[in-house]
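A quick write-up on the structure given underneath.
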Amino acid sequence: GDVVWPVITTGARLVHDDDDERIAVQDVRATVVRAGQCAVGDVLWHRPGNEADAPFDLLLVRDLAHALTHEPDQVALHYQPVLDLRTGEMVAAEALLRWTHPELGPMSPAATIEAAERCGLIVMLGRHVLRTALAQLRDWSSVVGPSFRMHVNVSPLELRNPEYVDHLDAAIEDAGVPAERVLLEVTETVLVSDEPVVQRSLEGIGHLGVALGIDDFGTGYSSIVHLRRLPVDTVKIDRSLVSGISESPADFLLARSVVQLVSTLSVRIVAEGIENELEAAHLRAMGCAFGQGYHLGRPAPAAVLLPAAHVEDDRPCSASA
Ligand code: C2E
Ligand code: MG
Ligand code: MG
């Protein structure tokens with residue numbers, strides 16, 4: 001019985017015969033989004049020069065869907081080491097998406113994730129990432145220490161899928177890896193979500209014995225109170241809090257306060273984006289036990305991160321800086 005009042009907003013662009021279809025569709029989408037923000041119920045024409053804020057590319061979505069269904073090898077993972085800042089031992093690796101488009105080459109992971117999130121492909125993409133990372137964990141099981149973990153990034157939208165935990169369970173079972181060796185990185189937005197389905201997914205993850213990590217801590221809206229609500233195992237301090245600490249006393253003090261605050265919980269603290277030895281030393285002194293960043297090891301294909309040499313002996317594995 002509700003009355004619905006439709007408001008139609010249109011974005012338009014003139015198309016010429018020799019225009020690139022990809023660019024044209026991208027321009028129209030950007031214009032529709034802009035129209036929705038400033039000209040609701042109106043028609044807004046595309047103005048050349050505004051291309052840069054195209055929200056996402058429909059043809060990219062088509063190509064990603066094709067890759068996932070027919071050419072999954074295009075959608076690979078690189079792995080970045082997480083090191084113990086005192087011993088240098090590699091305690092975990094983070095799986096990072098690397099999609100190589102057949103014509104456009106390497107695609108930005110953030111843009112790919114954003115496009116996948118906007119069209120629902122994120123569920124299929126997330127499953128592919130999870131299964132690939134778990135298979136890699138199994139393949140590495142004889143060359144890493146018993147507490148080595150695989151970190152996998154998970155989009156909040158994946159947790160909205162009521163089947164997420166069942167799929168996670170099946171993927172772990174199929175890979176034959178212990179659930180405790182898997183850590184799912186979620187962002188702070190997940191912590192503050194009050195959606196029942198997201199809460200159920202988080203509980204289910206805990207019941208399976210899979211660890212939960214908070215990614216990019218310090219950039220979102222959550223507080224230490226939210227962290228206490230869930231069985232969070234690891235907190236990753238965002239790169240933006242780390243990057244200035246070796247030059248700016250104010251940045252140093254801010255990072256130290258965040259580390260001290262998080263230290264009041266019994267969680268592992270991983271500092272992200274460590275780019276030089278001074279940053280690593282400062283973080284170590286602050287009490288941050290673990291770190292990740294270009295200085296400690298860049299994301300690399302699995303075989304580069306843990307080369308065959310490590311297979312032949314049983315030294316504790318540590319990544320080359
Ligand atoms: P993230 O999870 O916070 O991953 C860390 C990002 O920082 C990675 O970017 C990594 O390459 C980069 N990084 C690491 N160390 C340094 C450093 O010392 N300096 C600088 N400047 N950057 C560093 P990448 O691979 O481009 O990924 C960007 C984001 O895309 C990730 O941020 C994550 O949010 C998302 N992402 C990547 N792979 C996946 C995935 O499989 N699933 C989901 N849902 N998201 C993913
Ligand atoms: Mg991450
Ligand atoms: Mg991060």
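With respect to the conditions (1) more than 30 Å from Ile269 (Cβ to Cβ); (2) of a type in the set (Asp, Glu); (3) in a helix (DSSP H, G or I), Glu103 lacks only one, and its number is (3). Pairing each residue of region 168-182 that is modelled with pLDDT of 95 or more and surrounded by 21 or more Cβ atoms within 10 Å (Cβ to Cβ) with any residue that is among the aromatic types (Phe, Trp, Tyr) and not in a helix (DSSP H, G or I), provided the two are 6+ apart or on different chains, yields C-beta distances under 8 Å for Arg181/Phe148.
Among the residues of region 178-209, those identified as in contact with a Lys or Arg (Cβ under 9 Å, 6 or more places away or on another chain) and not hydroxyl-bearing (Ser, Thr, Tyr) are Glu180, Arg181, Val182, Leu183, Glu185, Leu191, Glu195, Val197, Val198. Looking at the structure I just gave you, is Glu114 within 16 Å of ligand 3 (Cβ to nearest atom), assigned to a helix (DSSP H, G or I) and surrounded by 14 or more Cβ atoms within 10 Å (Cβ to Cβ)? So Glu114 passes the test. Give just the number: which of (1) surrounded by 14 or more Cβ atoms within 10 Å (Cβ to Cβ); (2) more than 16 Å from ligand 2 (Cβ to nearest atom); (3) farther than 22 Å from Leu157 by Cβ; (4) of a type outside the set (A, V, I, L, M, F, W, C) does Arg239 not satisfy? All conditions are met except number (2). Within region 284-321, the set of residues being modelled with pLDDT of 95 or more, on the phi < 0 side of the Ramachandran plot and outside any helix (DSSP H, G or I) comprises Cys288, Ala289, Phe290, Gly291, Gln292, Tyr294, His295, Leu296, Arg298, Pro299, Ala300, Pro301. Across region 147-167, the qualifying residues are those that are out of contact with any Lys or Arg (no Cβ under 9 Å at 6 or more places or on another chain) and in a loop (DSSP other than H, G, I, E, B), and the one among them that is surrounded by the fewest Cβ atoms within 10 Å (Cβ to Cβ) is Glu163. The set of residues in region 230-263 being more than 16 Å from ligand 3 (Cβ to nearest atom) and part of a helix (DSSP H, G or I) consists of Pro249, Ala250, Asp251, Phe252, Leu253, Leu254, Arg256, Ser257, Gln260, Leu261, Ser263. Can you name the residue in region 1-19 that is in a loop (DSSP other than H, G, I, E, B) and surrounded by 11 or more Cβ atoms within 10 Å (Cβ to Cβ) and, of all such residues, is modelled with the lowest pLDDT? By that ranking, first place goes to Thr9. Any idea how many residues of region 192-221 are away from ligand 2 (no atom under 16 Å from the Cβ) and within 19 Å of the chain's Cα centre (by Cα)? Residues meeting the conditions: 6. Just one residue in the set Ser222, Ser266 is assigned to a loop (DSSP other than H, G, I, E, B) and either modelled with pLDDT of 95 or more or within 21 Å of Ala110 (Cβ to Cβ) (or both); that residue is Ser222.
May I ask you to verify whether Asp73 is assigned to a helix (DSSP H, G or I), within 30 Å of Val144 (Cβ to Cβ) and not aliphatic (A, V, I, L, M)? Spelling it out, Asp73 is indeed assigned to a helix (DSSP H, G or I), within 30 Å of Val144 (Cβ to Cβ) and not aliphatic (A, V, I, L, M). Check whether at least one residue in region 222-229 is within 16 Å of ligand 3 (Cβ to nearest atom), among the polar types (S, T, N, Q), touching a residue at least 24 places away in the same chain (Cβ under 8 Å) and touching a Leu at 6+ places or on another chain (Cβ under 8 Å), and report yes or no. The answer is yes, given that some residue of region 222-229 is within 16 Å of ligand 3 (Cβ to nearest atom), among the polar types (S, T, N, Q), touching a residue at least 24 places away in the same chain (Cβ under 8 Å) and touching a Leu at 6+ places or on another chain (Cβ under 8 Å).
The values are calculated or read from the model by the stated rules, or taken from the named source; none is laboratory data. Just so it is clear, the structure is predicted and the values come from calculations on it, not from any experiment. Counting neighbours? That spans all protein chains shown, and the Cβs are built from the backbone with ideal geometry, glycine included.
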